[in-house]
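Here's the structure we're looking at; comments come further down.
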Amino acid sequence: MRHIFFIASFYFCIPLLKAQSADSIIAQLKFIHKQVTNKPCNSANAAAISNRAMNVFLADKTGYLSESSDLSFYTNYVTLNTSEGKFTINHNFQKEKGIDEPIKKLLSVGVSVNIANGFASTFLDKKFENELGATVNYKWIGKVKTHFAGCAQNQNNGSQKLSMDALRAAIVHSLDIEINKKETDFKKAINTIDTTDIPGQNVQTAKALMLQNFYGDLKIDYEEKSATQQAAVLTKTQNFKLISTSWTSLSAYIPFAFPKYTIAQSLTAALQQKHSYPLELMLSHTKFWESSKAGRLFFTLSGNMLFNNSKLSHALNKVTLAEYKNIGGRDTLHLANLKNDRAYIGLYETFVTPSLTVRLVYFSPGSHVGISFLAEQNFGRYHLLNGRLGIPIVLINSKKLPAVNFEIYVLFFDMNNKIKQAEKFGNKTSIGLGVGIPFSRLMY
C-alpha cells in the first residue's frame, strides 16, 4: 500500500516538477531506483539497472554494426561493404518518452551510394554500379529480460541482484550530493549579478530565467550520468547470469539513380540500352543473448525480395568491346556510343528473386574479436547459395564504447554451382571488408 501511495504521489507531482529544482531531479532518480529495486529477482520483470541505463548497456553489447539494417543506438552511423562498393549514411529518429522508458521502436533513414570502379566486387561482375538510393528501416525492439544467479523462490535475495541494488543506490546518492552542490554553486554565482551586468532588465526576472535554463540542463546531464554509470557498473561487475532481447526489422532500399546496361540479344542483334530498378525489401528478426559466462551471440533470420534482372543474376555473357568485335558482333554502329568497356549478350528479362538468409555472430566473454557465419539461399530463376565467413573486430574508444566495427570476411559465391559457364570467371571465393561506424549522440 505504501508503494502504491508513493507512486501515485510521484505521478501527481509530475506537473509540478516541470518547474525543475534540484530536489525534483533527485526525487526522480530515487523513484527510478526504487522501481528497479522493487522488481523481484526471479520475476519476468527482474532488472539490474533502469530502462535507460539498459539502453546504454545494449548500445555497447550490440555494437556489432556490419550492414545498414543492423541495430545501432546512436543517432547516426555509416556502413561500407567493399564487395558491393556500397557506402551508406544513416540517421535514427527516436523521441524521449516518460521518465525511464526503454527504446521500443526505431526509424532509420539513410542514403546509399555506389561509386563506379571504387572497390572490388564478386568474382563475376560489379553487382551494382553508379547507384544512388534511399534506405528506410523500421525496428521493433522486444522486451529486455534479465536473469540472475542465486535467486530464491519467493524473495529478492539473489546475490547478483542485491549487489546491483546496492551499487545503484551508491550511484543515486553520490549524484544527489553532486546535484545539490551544483545548485548551491550556481545560485551563489547568480546572486552576485546586479543591474550593471544586465542593464535594462529586471534582475529577479533574469535570475528566474537563468535558473530555469540551469535546471533544464542539470536534469538532462544527470539523467544521462545516472544511465551511463549504471551501465558501466553492470558491465564491470557482470552481476547478471543472462540478458536477452530481440528486434524485428523491416527494411527497404529505394533506388533513385541506377545504371543502364548495353545488351544485345545475340551477336547479330542491335545493341540496346536496358534499365534496371533493383528495389529491395527485407524482413528480419534477430535474437540476442549476453551471458556473463558464455559470451555474446546474435542469431538473425531474414527474408528478402529483390527486383532482379538477367544482368544482376549473371545470366548474360559479359564481353569487352574488343571481345565483341572478335567474336563477330554486328552492331559496330553503336560501339562508339558505349560509355564503358562492357556489353552483355543474351536475353534481358526482369523478375523477382526471394531469398532467405541466416547469420550467426559470436563473441567470447570480454572479447572484441568474434566470428561470424552467413548463408544466403536464393529462390526462383536465380537460385544461388552464397556463404560468408568473417572475423568481426569491434574497436572501442576512450570511453570504452564501440567506435568502429571492422569485419574481414571470405565470400563463397554460387556454392551450388548454378551459374552457366561460371568456369570462365575463375575462382568463386573472394576477400571482403565491412565497416560500421556509429557516431553522434547515444540514444538512451
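The values are calculated or read from the model by the stated rules, or taken from the named source; none is laboratory data. Source: prediction; values computed, not measured. Every residue, glycine as well, gets a Cβ built from its backbone with ideal geometry; the counts of neighbours run over all protein chains shown. SASA here: full protein model, heavy atoms, side chains in, ligands and nucleic acids out. Shrake-Rupley method; radii C 1.70, N 1.55, O 1.52, S 1.80 Å.
So, in region 89-98, exactly how many residues are over 17 Å from Leu250 (Cα atoms) and either open to solvent by less than 40 Å² (accessible area, probe 1.4 Å) or within 9 Å of the chain's Cα centre (by Cα) (or both)? Break it down stepwise before answering.
Initially, region 89-98 is screened for residues over 17 Å from Leu250 (Cα atoms), giving 89, 95-98.
Those left that are additionally either open to solvent by less than 40 Å² (accessible area, probe 1.4 Å) or within 9 Å of the chain's Cα centre (by Cα) (or both): none.
Residues in region 89-98 being over 17 Å from Leu250 (Cα atoms) and either open to solvent by less than 40 Å² (accessible area, probe 1.4 Å) or within 9 Å of the chain's Cα centre (by Cα) (or both): 0 in total.
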- Go through the residues of region 48-70 one by one and say whether even a single one is out of contact with any helix residue (DSSP H, G or I) (no Cβ under 9 Å at 6 or more places or on another chain), surrounded by 21 or more Cβ atoms within 10 Å (Cβ to Cβ), more than 17 Å from Val172 (Cα to Cα) and among the aliphatic types (A, V, I, L, M). yes
- Message: Can you find, within region 274-296, the residue that is modelled with the lowest pLDDT among those that are within 30 Å of Ile391 (Cα to Cα) and assigned to a loop (DSSP other than H, G, I, E, B)?
- Response: Pro278
- Message: Between Lys274, Lys236, which is open to solvent by 30 Å² or more (accessible area, probe 1.4 Å), without any contact (Cβ under 8 Å) to a residue 12 or more places away in the chain and more than 26 Å from Leu356 (Cα to Cα)?
- Response: Lys236
- Message: I'd like to check which strands (runs of 3 or more DSSP E) are fully inside region 297-412 and have at least 2 residues that are open to solvent by 50 Å² or more (accessible area, probe 1.4 Å) and at pLDDT 90 or above.
- Response: 350-363, 370-378, 385-396, 402-412
- Out of (1) over 30 Å from Cys151 (Cβ atoms); (2) touching a residue at least 40 places away in the same chain (Cβ under 8 Å); (3) open to solvent by less than 60 Å² (accessible area, probe 1.4 Å), what's the single condition that is false for Ser226? (1)
